[in-house]
1. Can you say whether residue 213 is outside the structural domain of residue 36 (by TED's automatic domain parsing), surrounded by fewer than 19 Cβ atoms within 10 Å (Cβ to Cβ), touching a residue at least 24 places away in the same chain (Cβ under 8 Å) and at positive phi, as far as the supplied structure shows?
2. Can you name the residue in the range 45-56 that is in a strand (DSSP E or B) and without any contact (Cβ under 8 Å) to a residue 60 or more places away in the chain and, of all such residues, is nearest to residue 223 (Cα to Cα)?
3. Looking for something in a loop (DSSP other than H, G, I, E, B) and either touching a strand residue (DSSP E or B) at 6+ places or on another chain (Cβ under 6 Å) or closer than 30 Å to residue 103 by Cα (or both) - is there at least one such residue anywhere in the range 154-170?
4. Hey, can you tell me all the residues within the range 212-230 that are at pLDDT 95 or above and not in a strand (DSSP E or B)?
5. For residue 218, all conditions in the list (1) surrounded by fewer than 18 Cβ atoms within 10 Å (Cβ to Cβ); (2) in contact (Cβ under 8 Å) with a residue 24 or more places away in the chain; (3) in contact with a helix residue (DSSP H, G or I) (Cβ under 8 Å, 6 or more places away or on another chain) hold save one; what is the number of the exception?
6. Among 120, 110, which is the only one that is over 22 Å from the mean Cα position of the chain (by Cα) and either over 29 Å from residue 188 (Cβ atoms) or outside the structural domain of residue 185 (by TED's automatic domain parsing) (or both)?
7. Scanning the range 119-144 for residues that are touching a residue at least 24 places away in the same chain (Cβ under 8 Å) and out of contact with any strand residue (DSSP E or B) (no Cβ under 8 Å at 6 or more places or on another chain), which turns out surrounded by the most Cβ atoms within 10 Å (Cβ to Cβ)?
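The values are calculated or read from the model by the stated rules, or taken from the named source; none is laboratory data. Small disclaimer: the values here were computed from a predicted structure and weren't measured. Cβ sites come from the backbone with ideal geometry, for glycine too, and all protein chains shown count toward neighbours.
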């Protein structure tokens with residue numbers, strides 16, 4: 001039984017590794033092959049830092065990842081990427097503060113696509129300053145500082161304590177809070193913890209490559225230390 005379980009896990013992990021790492025170099029694609037574009041901008045209010053990322057796939061969201069080589073590249077506000085993550089062939093760029101970002105995908109020497117994500121594409125949202133403790137045996141509403149949710153938008157609030165994390169998500173339009181039940185916190189205990197907030201909004205691309213499609217995602221993050229009590 002143990003050997004069968006080990007074999008099963010090995011097959012799953014091997015398959016995941018294959019799917020994640022599978023890629024094709026951009027210069028091996030036919031000139032007219034449409035490319036799926038995925039762009040993300042994450043603003044971390046706690047760090048006061050913007051991280052922009054981009055990844056590309058063949059034809060659609062399920063396609064093979066593309067590694068950009070030779071004349072093909074992506075620039076962030078006119079700058080080359082700072083990091084490249086080979087597992088998912090993701091290109092990342094960082095800057096201080098909350099910044100607008102123009103993603104310029106140079107597919108070839110004579111073709112480029114410009115997609116932009118702006119700071120006002122998402123409502124500025126933070127954890128309230130007066131949220132410094134939570135009663136483990138009470139149920140209630142957790143509000144955020146920021147406007148109610150809009151179309152194609154969600155907020156997730158998580159509490160992490162000593163490796164244990166509980167999360168609740170709101171995605172209903174016009175939602176203003178997340179309801180936290182005492183049963184949600186049954187695996188937590190009195191003491192210090194960290195609360196995280198993540199607001200996400202999705203948009204369609206400004207410029208697509210043929211019928212391949214793509215997405216733009218902007219995320220606002222915040223966190224703070226709190227105390228859990230009974």
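1. Numbers: outside the structural domain of residue 36 (by TED's automatic domain parsing): yes; surrounded by fewer than 19 Cβ atoms within 10 Å (Cβ to Cβ): yes; touching a residue at least 24 places away in the same chain (Cβ under 8 Å): yes; at positive phi: yes.
Spelling it out, residue 213 is indeed outside the structural domain of residue 36 (by TED's automatic domain parsing), surrounded by fewer than 19 Cβ atoms within 10 Å (Cβ to Cβ), touching a residue at least 24 places away in the same chain (Cβ under 8 Å) and at positive phi.
2. 49
3. No: zero hits.
4. The answer is 212, 213.
5. If we test residue 218 against (1) surrounded by fewer than 18 Cβ atoms within 10 Å (Cβ to Cβ); (2) in contact (Cβ under 8 Å) with a residue 24 or more places away in the chain; (3) in contact with a helix residue (DSSP H, G or I) (Cβ under 8 Å, 6 or more places away or on another chain), just (1) comes out false.
6. Among 120, 110, only 110 is over 22 Å from the mean Cα position of the chain (by Cα) and either over 29 Å from residue 188 (Cβ atoms) or outside the structural domain of residue 185 (by TED's automatic domain parsing) (or both).
7. My answer is 138.
Rundown of residues vs (1) within 17 Å of residue 217 (Cα to Cα); (2) out of contact with any strand residue (DSSP E or B) (no Cβ under 6 Å at 6 or more places or on another chain), yes/no style:
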| site | (1), (2) |
| --- | --- |
| 35 | no, no |
| 43 | yes, no |
| 60 | yes, no |
| 70 | no, yes |
| 85 | no, yes |
